[in-house]
Amino acid sequence: MHFIRRKGWEIPEREATPEALFLNRRSLLTTSARIGASIGAGVLAANIPNLAFAAGEVDPSASLYPAKRNESYVVDRELTPEAIASRYNNFYEYGLSKSIWSAAEALKTRPWTISVEGLVEKPKQIDIDALLKLMPIEERLYRHRCVETWSMTVPWSGFPLKALIDWARPLGSAKYVRFETFYDTKLAPSQRGFWPWPYVEGLTMAEATNDLTLMVTGAYGKPLAKSFGAPIRLHTPWKYGFKSIKSIVKIAFVEERPKTFWETSGPGEYGFWANVNPKVPHPRWSQATEEVLGTGTRRDTLLFNGYGDFVADLYKDLAGEKLYI
Ligand code: MTE
């Protein structure tokens, strides 16, 4: 596909961010800088209502949160306050700016059916709340590194993708998992544009069954806000954020490597693997450092975003592949 304009998340964050929001983020610096990662999500979640449901309506999954934290996943950074993380998003279905959180309220997250198909013993369709009852929900603190060079640390809740795969029973011939976001131009008018909608992402089976790979259904001790990709999204913290597909409706087990949304949109700039590597620049900017949202500071970016102990082995026999962009 050929471009007629630059994508919002391809430009440096300062250029992509409206000045008012940028200044507002700076003013939050003093609050966030003193909050340690050891403080629970509940403290940082204060005062941000979950707008997914109208006044008086209760999200059917509300009682699942806050979920018990899995202490195996430690972070060496402060958590990003919810007021920043949930209102500074990339969700192109709702526009190219970072400030899509109110537009994303148009998304209807119930009923929500997820189709599990392709190379499985038996294709299935399951309602999100039925799925949540089957899955082991826990909280994990993960770092997130966007290809635009900003980062955040979020208390996500959800379940390992591996648990869903065990339930889905894929055939031995399945080599990849392909994920698809909803496609509904009434709910998301931006999907009328020229992009190759719906948003598609993919993982190898080895990546999908890695301990780190999380299906996210909540954040900050509550059901997932719409701006984060409610009611269910992926999170792969060792990859650039664009792999972490939001608002998933279809999960297919396939033999061929899925062609992703960004590979189709910009094949010279984005590949299938998208692993974080500070030494491999994006064709148009360096990936060496990142702005830590809410702190006003930059830090060095780490190989695999610091998660190499979990995932480096997955790539040792893939020297010929373009693993890092
Ligand atoms: N998923 C969908 N469906 N649409 C998107 O535009 N943006 C991606 C990813 N998943 C995107 C998506 C990008 S570029 C990033 S950095 C993360 O979502 C942003 O997640 P966040 O808004 O929760 O920070």
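The values are calculated or read from the model by the stated rules, or taken from the named source; none is laboratory data. Computed from a predicted structure; not experimentally measured. Because the Cβ atoms are built from the backbone with ideal geometry, glycine has one as well, and the counts that use them run over all protein chains shown. Ligands, DNA and RNA are stripped out before the accessible areas are found, and what is left, the full protein with its side chains, is counted by its heavy atoms. Shrake-Rupley method; radii C 1.70, N 1.55, O 1.52, S 1.80 Å.
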Using a Förster distance of 51 Å, the FRET efficiency for residue 285-residue 171 (Cβ separation, nearest 0.05): 0.80
Whole-percent carbon and sulfur share, accessible surface of the range 189-305, 1.4 Å: 56
Convex hull (Cα only) mean projected area of the range 212-299, reported in nm² to one decimal: 7.6
Ordering of 121-131, 199-209 by burial proxy (mean other Cβ atoms within 10 Å per residue, highest first): 199-209, 121-131
Cα centroid separation - the range 161-202 against the range 62-138, whole Å: 14
Two-decimal ratio, the range 252-295, of alpha-carbon radius of gyration to 2.2 N^0.38 Å: 1.50
Sites residue 63 and residue 110 - FRET efficiency at Förster radius 25 Å, r taken between beta-carbons, to 0.05: 0.95
